[in-house]
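Structure first, commentary second.
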Amino acid sequence: MLTEDIKVSLLKDLDRIGQADAPELEALRVALLGKNGSITAVLKSLGGMAPDARKEAGAEVNQIKAMITEALTARKALLDEAALNARLAAERIDVTQPTRPDIAGAIHPISRTMEELAAIFGAMGFEIKEGPDIENDWNNFSALNIPAHHPARAMMDTFYLNAGAGSRPVLRTHTSPVQVRTMLAQEPPIRIIVPGRTFRADHDATHSPMFHQTEGLVIGKNITLGHLKGCLIDFLRAFFDAPDLPVRFRASYFPFTEPSMEVDIGWNRKTGEIGKGGDWLEILGSGMVHPNVLANCGIDPREYQGFAFGVGIERITMLKHGIADLRLFYESDVRWLRHYGFSALAPAMLHEGF
Ligand code: PHE
């Protein structure tokens with residue numbers, strides 16, 4: 001039989017184990033079960049008892065030892081888990097934290113229109129091409145059937161750069177030189193759009209010396225004017241989100257297309273409403289690629305034909321969003337950008353409509 005005070009003291013230890021922090025718990029373990037621990041001492045003392053008393057006391061002390069061991073293990077597991085949780089909480093990095101809304105940027109309307117063009121023409125199987133802002137005379141003019149001294153050169157208010165050896169670089173006046181670059185670089189079939197910067201010496205509410213265009217070019221064996229019309233009608237109706245948008249093709253002139261057509265959409269001159277009102281608004285230039293252009297670019301015009309078009313990005317953006325003055329696009333006025341900008345988290349996706 002164990003004495004009452006040994007039992008009371010061991011039960012108290014059991015209680016202390018339940019409250020202990022990690023260092024206390026280790027101290028208790030050593031004090032109870034260590035080499036000189038109190039339970040170890042009791043176990044040692046069994047040897048000196050009479051056999052019957054030893055049996056009884058042995059059973060008791062082993063029972064207490066089991067209880068103590070179990071309590072120590074349970075407390076240790078609890079403390080370990082709490083320590084781990086504390087560490088996880090302290091070392092946590094929330095990678096999902098959103099930017100603060102008041103400092104979130106916005107997608108510029110010009111960029112947004114380019115994204116929408118990419119989505120619309122991408123769905124029609126067009127590839128996106130780019131070309132340099134600084135072009136040579138041949139790509140910008142001659143290859144496009146605009147010979148030297150042709151009045152069309154004067155029409156474009158070209159920025160000429162200093163003449164190099166035998167060449168006179170220009171800031172490209174349109175994205176059409178990328179037609180030339182593409183046809184020289186790859187075999188038909190070709191189906192591309194070319195969004196990018198263009199330059200003309202012109203400045204007022206609807207013209208800027210730097211502006212943006214998107215070129216389109218489709219070359220194949222059986223590409224017809226019907227394809228041109230279908231493609232542009234689909235594009236304009238998708239872009240302006242107006243399934244019944246009236247579209248008119250009007251004979252015009254460009255040196256690099258034959259026949260050439262100006263494309264008009266229906267609108268209301270007074271209210272600016274697109275698709276309603278019975279007035280016509282010129283919106284882009286287009287036509288069947290001139291055989292001279294194909295030949296200049298190494299494509300046999302007896303075998304291939306196709307169509308091209310050029311759209312002013314600022315122009316269609318102003319019309320779509322009711323922006324009256326083109327100069328505002330480039331003023332970097334944050335209030336204007338907030339109002340006309342688009343959320344970066346809601347990208348242009350055709351299937352949702354724009
Ligand atoms: N390059 C012409 C312009 O800038 C637009 C255009 C492109 C017209 C392609 C017809 C075909 O005015």
- Message: How many angstrom lie between the Cα centre of the range 133-182 and the Cα centre of the range 248-263?
- Response: 20 Å
- So, in Å, what gap is there between the alpha-carbon centers of the range 267-335 and the range 74-117? 43 Å
- Task: Counting only C-alpha contacts under 8 Å and six or more residues apart, can you give the relative contact order of the range 1-146 as a whole percent?
- Result: 22 percent
- Item | Under the Debye formula (equal points on every Cα, no solvent term), log10 I(q)/I(0) of the range 4-90 at q = 0.17 Å⁻¹ | -0.72
- Query: Give or take rounding to whole Å, what are the principal axis extents of the alpha carbon atoms in the chain, in descending order?
  - Reply: 127, 48, 42
- Query: In terms of Cα to Cα distance under 26 Å, which lysines are near enough to Lys320, apart from those fewer than 8 places away along the same chain?
  - Reply: Lys129, Lys229, Lys270, Lys276
- Item | Label-to-label distance, nm, for residues given as Leu78 and Glu331 (7 Å Cα→Cβ offset) | 6.9 nm
- the chain: relative contact order in percent, alpha carbon pairs under 8 Å with at least 6 residues between: 16 percent
- Note on the structure: Any lysines whose Cα falls less than 27 Å from that of Lys76, other than same-chain ones fewer than 8 residues away, would be Lys7, Lys12, Lys35, Lys44, Lys65
- At Glu130 and Lys35, where each label point lies 7 Å from the Cα along Cα→Cβ, what is the point-to-point distance in nanometres? 7.5 nm
- Within the chain: Cβ-based charge dipole about Cα centre, in debye rounded to nearest 20 (Lys, Arg +1; Asp, Glu -1): 220 debye
- Query: Got a number for carbon plus sulfur as a percent of the range 4-90's accessible area, 1.4 Å probe?
  - Reply: 60 percent
- Task: May I ask you to give the solvent-accessible area per residue for the range 4-90, in square angstrom, as obtained with a 1.4 angstrom probe?
- Result: 67 Å²
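The values are calculated or read from the model by the stated rules, or taken from the named source; none is laboratory data. It should be emphasised that the depicted structure is a prediction, and the values quoted were computed from it without experimental measurement. Note that each Cβ is placed from the backbone with ideal geometry, even for glycine, and that neighbours are counted across all protein chains shown. In case anyone asks, the SASA skips ligands and DNA or RNA and just uses the protein heavy atoms, side chains included. Shrake-Rupley method; radii C 1.70, N 1.55, O 1.52, S 1.80 Å.
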